[in-house]
Each structure stands twice: as structure tokens, then as C-alpha cells.
Amino acid sequence: MQPKYLYINTIGCQMNVYDSEKIAVVLQPLGYELTRNVDTADLIIVNTCSIRAKAEQKAFSFLGRMAKLKRKRPKVIIGMGGCVAQQEGRKIMERMPFVDLVFGTHVIGRLPEMVTRIEQKKCHLVDVKMYPGIDEFDFTDTAGAYGGVCRFVTIMQGCDNYCTYCVVPYVRGRETSRKPEFILSEIRELIDGGVREVTLLGQNVNSYGQKEGLCSFPGLLEKVNALEGLERMRFTTSHPKDLSEDLMLAFRDLDKLCRHIHLPVQSGANTVLKRMNRKYTREVYLGKIEKLRQVCPDIAITSDFIAGFPGETETEFSETLDLIKTVEYDSLFAFVYSDRPNAPAVHFGDKISETEKKARLQVLLDLQEQLTLKKNRSMVGSIQAVLVEGLSRKQPGHSESDIQSIIQWSGRTEGNKIVNFDWADDRETAAPEIEAGHLVDVRIKRALSHSLWGELVRTKTATADLKGGKYYAA
Ligand code: SAM
Ligand code: SF4
């Protein structure tokens, strides 16, 4: 079979990264090999995100560029998948007639059939049906197709929470969980292929398996923890209203669970949380953070915030800043509110101007930058377990010419902080052999606002050392 080339442009969250891997794998039997060169691709797919208006615009501007390519090479097949495709369906072809294929978030398993029909009949196809339940065929084994040390594994799809600003329940469907045995066998394959860390993905992992009567989420974590060969596991996202004590205890009891939780709060004002339909109060949220820190004192905590939700007053915004100061997050993601189709907040009055939303976002990010730097500085002198992901880019303090001669590596701490490190130049012995996937100890020497820099202390952290007393001052 003559090789054909597939180019995928992935926009959006980890779930889309995971879905793009599946897309590449289901199309392999048709002879498609992945390429990074869009100009020579036979099939171009943009896997889209519609969570914010900006992500959607990005998808359409990419397709705009593809229109020119299609004029030059009319045989190239152009497809759009993901959340914007699900949301807009057939309308995409009306707006952009050069698009050959539009497929939604529930039909990845049908892609080979659709692409074959387009190749043979030169037709245009749209499939944005949503199916109840999970088609395990969509979860084709991607272990061999992609390497890497850290990989995502989707454990559930959709969401039933209906936050008033959010498009997810409309484009990803109702919440449905995969069976533990399928999840475990997928992770087993990944480990056998060299993966050392998995991040379990779901919009609200706390409610994993409840509808279907499967095991609880902490129960699933226990099963993953028992898999031999896995060094670390993480998960995202945990909805604060459902964060249980059992899950908090998992951070204490499961040796492979990284001590980091992403707990999106969105706002620090009860009035805004109510309008967002988040179903918790500031007090409940802060109470859970306190308990988490009692159970696991050095847990890293990150969050998501929306600046300028409709009707957000200066006082409500200042309550958000106050909450950030109270919690002292390790880092956070913050976004300006944007109207999304079908989400109820589209119809809310008192919209905040773009200028004001951006100004609030900047205040919030500036505040967090100081807090992150403070946290990072407090780690200077400590020894951190780092899972090596590969060679690092240019290091601060080293000139371009030095870079050639110094071996520098990059990895992450349990708290998900990036650490670039090398072997101290003044040592008499040569740098030890380090490979991606090794868990090493690094002494932190310098803190920057987005990363840490350090020196290798020893090459292998015993798994038994992972819990308790790990972060000692050097
Ligand atoms: N399920 C997760 C939760 O409940 O926290 C988050 C999922 S969403 C993919 C990621 C983040 O996008 C949200 O936490 C929120 O901060 C942000 N987001 C969602 N809709 C938004 C909107 N309409 N405007 C701005 N930010 C939005
Ligand atoms: Fe969206 Fe809320 Fe569901 Fe998260 S929990 S995906 S923010 S509806």
C-alpha cells in the first residue's frame, strides 16, 4: 500500500490531544502516516475546541488557510472534528464548502469508513450523531503509535453539571464512564510501551462510575496504583462540590498518586458561583482546601478562574483576588468570560466590556505570578523527585555556546512544576546516564516564575521513598 500522509492540528484541552492520538491510530490501516508537514499531507484534520470563542476562531482561521491549499491541491481531503464540529455540524460546509468531512466527538471509530467513502466517491460527509454510552472501539490502542513518558487516558466522557457558562454538556454529551477493565488494559499497554506516568481525564472525575454502578474514583485509582511499571499517576478535573474525603485520603495512601490537585473554583464570590451554577460556596471550597492540606500538607494546588462573568461587580472580583491570596495556589489558569452557544449565560444581562474583562484578567494573573514565584522560591534548596521527560531547551545563566557542552534535562516534580537540570560542572565524575522515563532526585538551585532549575543529586528515586519525607531540605 502506498503511504499517505495525515496532518492533524489539535486545538484545546488534553481530551483533544487524546482524541487526536486515537484519530491517527484508527486511520493507520488505511495507510495514513502522521506528518508534520501540512503542505504534503493527503488528509488534513483540525481537531477543534469550542470552550471559548478564541479557540473556535483559531479553528476557522486554520481552515481559512487550508482553503488556499485546497485550490492548489484539490485532491487533499480536509476534515474538521471535535467540539466545534459537533456544535456547528452541516453549517461548516455551508460556510466553507471546501471542507470534505465534519465529524463530531462520538464517531471517531467510524472515521476509517467515512474517509474511505470520501476517497472513493469524492463526496462530502457530516456525522455529528451523539450516542449514549461509550463505544470502546473509539478507544483503540494508541500505545505503539505514540511514544513518550507521560500520556493521557480518558476515563469518562461528557458532563452532567451544566455550569451556566459552559458548552461541554452540549458538545461532549451526557456523562458516561468507561469500565475499569478497559482503562486498566489501556494503561497496561502504555506501560509496556515505555510510558511511566498517566493522567486520567474526565470533566468531573469524582463522579466516575456512579451512574453505571462501576467502582468509585478512589477505587479506580487504587487499581491503577497497583499496576507494575507505572511510576506516577495524576488526574484532572475534580469538581469541588464532589471532592470526597476518600479522594483526599488517596493522596496520603497511594504511593504513585502525585501530590497535586487541580481544583477549579472559577470565582471567589458566592453570588457569582450561584449564577455560574457551581453548587458550592466559597466557604465549602476553602474548607475542602484546608482538609486536603491537613491530609497532605505539601500538596500542590492549582485552579481555573473566569474573569468578567456577566454581572461581575468590582466587589465580587475583589473577593476572587482575596480567595487567591488566601489559598496561595501553586499556579492557575484564568480566562476572560466568553459567550458560548447554548450555554445559559449567553442570555444573562450586564455583560462586562472586553476592555474591563482583560484588565481584570491581567490583575489576576499579576497577583498569581507573585504567588507562584514565592512558592517556587520556597523550594530552593529542597530535593525534588523529577520524572525525566527529555532534553531541555536553553537554560537561564548559560550562553548558547555553553549549551552545546552541558547535558541538560527536563522533567516535572510531583506538583507538576517544570524542572530543568544538569550535572554540576565542578564534579569530578562524568554525568551519569539519564534517559526519559527515569525518576531522579534534583536539588533546586534557582526559582523562576514558570519553572525551576537544579542539579542532579542521584539518578533513581526508590518508589518506596515517594511518600513521606520526600522533600527534605538539603
Ligand atoms: N470540567 C472542568 C471544571 O468543571 O472545572 C473544566 C472544564 S473546561 C474544559 C476548562 C475551563 O475553561 C473551565 O474551568 C473554565 O475556567 C473555562 N471556561 C469554560 N467555559 C468558559 C467560558 N464560556 N468563558 C471563559 N472560560 C470558560
Ligand atoms: Fe463545564 Fe461545569 Fe461540566 Fe466543567 S463541570 S465541563 S465547567 S459544565
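The values are calculated or read from the model by the stated rules, or taken from the named source; none is laboratory data. Keep in mind the model is a prediction, meaning the values are calculated, not measured. Don't worry about glycine lacking a Cβ; one is built from the backbone with ideal geometry, like all the others, and counts go over all protein chains shown. The protein model used for the area step is the full one, side chains on, heavy atoms only, and it has no ligands, DNA or RNA in it. Shrake-Rupley method; radii C 1.70, N 1.55, O 1.52, S 1.80 Å.
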Listed residues Leu373, Leu391, Leu365; which is at pLDDT below 95 and open to solvent by 20 Å² or more (accessible area, probe 1.4 Å)?
Leu391
Screening Leu30, Leu43 for residues that are under 19 Å from Cys123 (Cα atoms), touching a residue at least 60 places away in the same chain (Cβ under 8 Å) and open to solvent by less than 20 Å² (accessible area, probe 1.4 Å) leaves only Leu43
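Here's the yes/no breakdown for (1) aliphatic (A, V, I, L, M); (2) without any contact (Cβ under 8 Å) to a residue 12 or more places away in the chain; (3) within 12 Å of ligand 1 (Cβ to nearest atom):
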| site | (1), (2), (3) |
| --- | --- |
| Glu328 | no, no, no |
| Ala334 | yes, no, yes |
| Phe348 | no, no, yes |
| Leu361 | yes, no, yes |
| Gln368 | no, no, no |
| Thr372 | no, no, no |
| Lys375 | no, no, no |
Residues in segment 46-77 that are touching a residue at least 24 places away in the same chain (Cβ under 8 Å), within 16 Å of ligand 1 (Cβ to nearest atom) and in a helix (DSSP H, G or I): how many?
6
Quick count over segment 91-125, residues being surrounded by fewer than 22 Cβ atoms within 10 Å (Cβ to Cβ) and in contact with a Lys or Arg (Cβ under 8 Å, 6 or more places away or on another chain), is 4
Those residues of segment 59-84 which are over 11 Å from Ile45 (Cα atoms) and buried (at least 22 other Cβ atoms within 10 Å of the Cβ), in sequence order
Cys83, Val84
Does segment 340-361 contain any residue that is of a type in the set (S, T, N, Q) and surrounded by 18 or more Cβ atoms within 10 Å (Cβ to Cβ)?
no
Please count how many residues of segment 1-44 are closer than 30 Å to Thr164 by Cα and either in contact with a helix residue (DSSP H, G or I) (Cβ under 7 Å, 6 or more places away or on another chain) or not in a loop (DSSP other than H, G, I, E, B) (or both).
11
Give segment 441-474 a look and list any residue that's assigned to a strand (DSSP E or B), at pLDDT 90 or above and open to solvent by less than 70 Å² (accessible area, probe 1.4 Å), or say none.
Asp441, Val442, Ile444, Ala447, Leu452, Trp453, Gly454, Glu455, Leu456
Given the conditions (1) at pLDDT below 95; (2) assigned to a helix (DSSP H, G or I), every one holds for Glu356 apart from (1)
Can you pull out every residue in segment 99-115 that is at pLDDT below 95 and assigned to a loop (DSSP other than H, G, I, E, B)?
Gly104, Thr105, His106, Val107
The condition from (1) within 28 Å of Glu414 (Cβ to Cβ); (2) surrounded by 20 or more Cβ atoms within 10 Å (Cβ to Cβ) that Phe317 misses is numbered (1)
If I go through segment 278-300 residue by residue, how many of them are of a type outside the set (A, V, I, L, M) and either touching a Ser or Thr at 6+ places or on another chain (Cβ under 6 Å) or more than 30 Å from Lys351 (Cα to Cα) (or both)?
9
Considering residues of segment 265-277 that are within 21 Å of the chain's Cα centre (by Cα) and either open to solvent by 10 Å² or more (accessible area, probe 1.4 Å) or closer than 17 Å to Lys351 by Cβ (or both) only, the residue farthest from ligand 1 (Cβ to nearest atom)
Ser267
Name the residue, out of Phe309, Phe251, Phe305, Phe335, that is hydrophobic (A, V, I, L, M, F, W, C) and open to solvent by 20 Å² or more (accessible area, probe 1.4 Å).
Phe335
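How many residues does segment 376-388 hold that are buried (at least 18 other Cβ atoms within 10 Å of the Cβ) and part of a helix (DSSP H, G or I)?
Looking only at segment 376-388, we keep the residues that are buried (at least 18 other Cβ atoms within 10 Å of the Cβ), and these are 376, 379, 382-388.
Add one more test, that the residue is part of a helix (DSSP H, G or I), and what stays is 376.
The total comes to 1.
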Looking only at segment 278-315, count how many residues are within 16 Å of ligand 1 (Cβ to nearest atom) and charged (D, E, K, R).
6
For the list (1) over 17 Å from Val284 (Cβ atoms); (2) open to solvent by 10 Å² or more (accessible area, probe 1.4 Å); (3) more than 12 Å from ligand 1 (Cβ to nearest atom); (4) not polar (S, T, N, Q), I need the number of the one condition that His262 fails.
(3)
Report the residue count in segment 70-81 for those that are under 24 Å from Ile108 (Cβ atoms) and out of contact with any Asp or Glu (no Cβ under 7 Å at 6 or more places or on another chain).
4
For segment 158-199, give me each residue that is within 12 Å of ligand 1 (Cβ to nearest atom), in contact (Cβ under 8 Å) with a residue 40 or more places away in the chain and not aliphatic (A, V, I, L, M).
Gly158, Cys159, Asp160, Asn161, Tyr162, Cys163, Thr164, Tyr165, Cys166, Tyr170, Arg172
